[in-house]
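Asks: Just passing along the structure, written as structure tokens.
The values are calculated or read from the model by the stated rules, or taken from the named source; none is laboratory data. It should be emphasised that the depicted structure is a prediction, and the values quoted were computed from it without experimental measurement. Note that each Cβ is placed from the backbone with ideal geometry, even for glycine, and that neighbours are counted across all protein chains shown. Ligands, DNA and RNA are stripped out before the accessible areas are found, and what is left, the full protein with its side chains, is counted by its heavy atoms. Shrake-Rupley method; radii C 1.70, N 1.55, O 1.52, S 1.80 Å.
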Amino acid sequence: MGQHTIFQERITAVRQKLNEWEVDGVLVTSPANRRWLSGFTGSNGQLLVTANKALIATDFRYYAQAGREAPDFALFKHQRTLADTQDFLAESGAKTVGLEAKYVTLASMIELEEVKGVTWKPLLLTLEPLRLRKTAVEVKAIQEACAITDDVMAQVPHIARAGMSEREVAWELEKTLRQAGAEALAFDILVASGPNSALPHHHPGERCLQAGDPLIVDMGAQVDGYKSDMTRSFYLGAKASVHYFELYQLVLRAQTAVFQNAKPGMSLKAVDAIARNMLDRAGHADHFGHGLGHGLGLGIHEDPLLSPRASDEDTIEVGTIVTIEPGCYLPDWGGIRLEETALMTDAGLVPLTHCPKVPGIAMK
Ligand code: ZN
Ligand code: ZN
């Protein structure tokens with residue numbers, strides 16, 4: 001029943017937006033928005049919300065599931081034909097319908113243009129602003145996903161050995177995440193060793209770990225659809241080089257400064273600048289080429305984006321969950337990134353990931 005209520009609240013919140021969007025209804029097809037608004041987890045389905053209707057259209061495979069998962073929506077049986085789409089729109093009565101411009105493909109647009117009597121209105125943002133502030137239930141799922149990731153990240157020093165390939169390490173971690181209770185991975189695990197760790201989104205390959213390598217592990221678990229995201233950096237060998245140790249401390253100080261100084265209502269740009277300015281002053285302006293962090297929830301990359309390119313008006317508010325992930329990447333040498341998933345509260349940012357930051361891994 002609790003679930004029931006939250007979806008009714010969300011439908012009401014969407015209805016309150018229809019005037020601002022200048023539409024009679026909105027068609028929701030992207031998986032994360034669809035799940036957030038209805039609870040439906042299937043792979044095919046469309047929601048249509050108007051002032052007085054909330055409809056879910058899905059095909060034969062999902063009739064029973066949609067009825068069970070999305071009881072706040074009236075089920076419309078849709079066998080993926082133009083005639084069904086025409087009837088679905090007629091059933092809603094909507095004449096001007098908003099579309100998720102970021103997610104509707106050109107191919108679907110061509111099909112939608114065939115529907116008679118409807119004017120489509122692409123909307124750059126639909127449910128995303130409504131999803132920013134997480135409910136207690138959402139925070140709890142993300143906390144569970146974070147706790148699983150904490151446990152598995154703590155095992156990296158026991159798993160990683162000289163001679164193992166990045167791909168083997170990633171596979172061991174994937175199995176361990178699943179055994180620890182992750183229903184899925186939040187994203188493909190990133191294991192980057194040696195010079196590969198200078199590539200922020202390196203895909204684990206055949207390179208074998210060796211003593212003296214920097215190592216970056218970035219991973220997350222999924223619980224009830226909600227994700228966690230955490231990165232730890234390591235040095236393979238008994239004793240980190242002075243260079244590695246200094247860079248590690250710099251990135252750690254930049255991350256700590258964000259936790260100490262970010263407050264609700266600050267601009268996204270200002271939060272990013274806390275870490276960026278520290279790296280700049282240390283001579284690494286060119287070595288931190290990505291944003292400080294991103295929102296996450298049902299999606300792994302959600303709003304808000306903490307970035308130097310964010311607009312001055314956009315701020316971070318209480319209830320938002322973001323990653324804080326400063327990094328420093330030196331081409332041909334390697335890189336360091338530390339990432340926490342964190343919740344913005346009245347008192348400031350609180351980390352939801354807690355795995356200790358211990359960079360040294362003794363090589364067997
Ligand atoms: Zn990450
Ligand atoms: Zn991230």
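Asks: What about residue 323, is it touching a Gly at 6+ places or on another chain (Cβ under 8 Å), of a type in the set (S, T, N, Q) and under 21 Å from residue 138 (Cα atoms)?
Replies: yes
Asks: A further question on this structure: Could you list, in sequence order, the residues of segment 273-297 that are of a type in the set (A, V, I, L, M), within 16 Å of ligand 1 (Cβ to nearest atom) and in a loop (DSSP other than H, G, I, E, B)?
Replies: Correct list: 292, 296.
Asks: Right, next: Picking from 289, 335, 283, which residue would you name as being more than 18 Å from the chain's Cα centre (by Cα), open to solvent by 50 Å² or more (accessible area, probe 1.4 Å) and within 16 Å of ligand 2 (Cβ to nearest atom)?
Replies: When all the criteria are applied, what remains is 289.
Asks: In segment 91-138, how many are of a type in the set (S, T, N, Q) and in contact with a Lys or Arg (Cβ under 7 Å, 6 or more places away or on another chain)?
Replies: Selection size over segment 91-138: 3.
Asks: Right, something else. What about residue 267, is it modelled with pLDDT of 95 or more, among the hydroxyl-bearing types (Ser, Thr, Tyr) and surrounded by fewer than 21 Cβ atoms within 10 Å (Cβ to Cβ)?
Replies: Yes; evaluated as a whole, the condition is true for this residue.
Asks: Oh, and also: From the list 104, 118, which one is open to solvent by less than 70 Å² (accessible area, probe 1.4 Å), under 26 Å from the mean Cα position of the chain (by Cα) and in contact (Cβ under 8 Å) with a residue 24 or more places away in the chain?
Replies: Answer to the check: 104.
Asks: Now for a different question. Would you check if residue 195 is closer than 24 Å to residue 250 by Cα and either more than 14 Å from ligand 1 (Cβ to nearest atom) or not assigned by TED's automatic domain parsing to the domain that holds residue 318 (or both)? Talk me through it step by step, then tell me what you get.
Replies: Details: closer than 24 Å to residue 250 by Cα: yes; either more than 14 Å from ligand 1 (Cβ to nearest atom) or not assigned by TED's automatic domain parsing to the domain that holds residue 318 (or both): yes.
It is true that residue 195 is closer than 24 Å to residue 250 by Cα and either more than 14 Å from ligand 1 (Cβ to nearest atom) or not assigned by TED's automatic domain parsing to the domain that holds residue 318 (or both).
Asks: Would you confirm, using the coordinates I've provided, whether residue 312 is farther than 30 Å from residue 358 by Cβ and touching a residue at least 12 places away in the same chain (Cβ under 8 Å)?
Replies: Criteria met by residue 312.
Every residue, every condition in (1) open to solvent by 10 Å² or more (accessible area, probe 1.4 Å); (2) of a type in the set (Lys, Arg), yes or no:
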position: 16; (1), (2): yes, no
position: 29; (1), (2): yes, no
position: 40; (1), (2): no, no
position: 43; (1), (2): yes, no
position: 48; (1), (2): no, no
position: 54; (1), (2): yes, no
position: 61; (1), (2): yes, yes
position: 66; (1), (2): no, no
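Asks: Can I ask one more? If you go through segment 216-227 one residue at a time, do you hit one that is of a type outside the set (A, V, I, L, M, F, W, C), within 19 Å of residue 328 (Cβ to Cβ) and not in a loop (DSSP other than H, G, I, E, B)?
Replies: yes
Asks: Let me ask something else. Name the single residue that is farthest from the chain's Cα centre (by Cα) among those in segment 210-234 being more than 13 Å from ligand 1 (Cβ to nearest atom) and hydrophobic (A, V, I, L, M, F, W, C).
Replies: Among those that are more than 13 Å from ligand 1 (Cβ to nearest atom) and hydrophobic (A, V, I, L, M, F, W, C), it is 211.
Asks: Related question: State whether the residues of segment 236-249 include one that is of a type outside the set (S, T, N, Q), within 16 Å of ligand 2 (Cβ to nearest atom) and not assigned by TED's automatic domain parsing to the domain that holds residue 33.
Replies: Within segment 236-249, not a single residue is of a type outside the set (S, T, N, Q), within 16 Å of ligand 2 (Cβ to nearest atom) and not assigned by TED's automatic domain parsing to the domain that holds residue 33.
Asks: What's the number of the condition residue 310 fails, among (1) assigned to a loop (DSSP other than H, G, I, E, B); (2) surrounded by fewer than 21 Cβ atoms within 10 Å (Cβ to Cβ); (3) away from ligand 1 (no atom under 13 Å from the Cβ)?
Replies: (2)
Asks: Also, I was wondering about something else. Going by the structure shown, is residue 182 on the phi < 0 side of the Ramachandran plot, within 16 Å of ligand 1 (Cβ to nearest atom) and either touching a helix residue (DSSP H, G or I) at 6+ places or on another chain (Cβ under 6 Å) or assigned to a helix (DSSP H, G or I) (or both)?
Replies: yes
Asks: Open to solvent by 10 Å² or more (accessible area, probe 1.4 Å), under 21 Å from the mean Cα position of the chain (by Cα), farther than 21 Å from residue 190 by Cβ and of a type in the set (A, V, I, L, M): is that true of residue 318 in this structure?
Replies: yes
Residue-by-condition table, conditions (1) out of contact with any strand residue (DSSP E or B) (no Cβ under 6 Å at 6 or more places or on another chain); (2) exposed (fewer than 15 other Cβ atoms within 10 Å of the Cβ); (3) not assigned by TED's automatic domain parsing to the domain that holds residue 335:
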residue	(1), (2), (3)
152	yes, no, no
169	no, no, no
177	no, no, no
184	no, yes, no
204	no, no, no
216	no, no, no
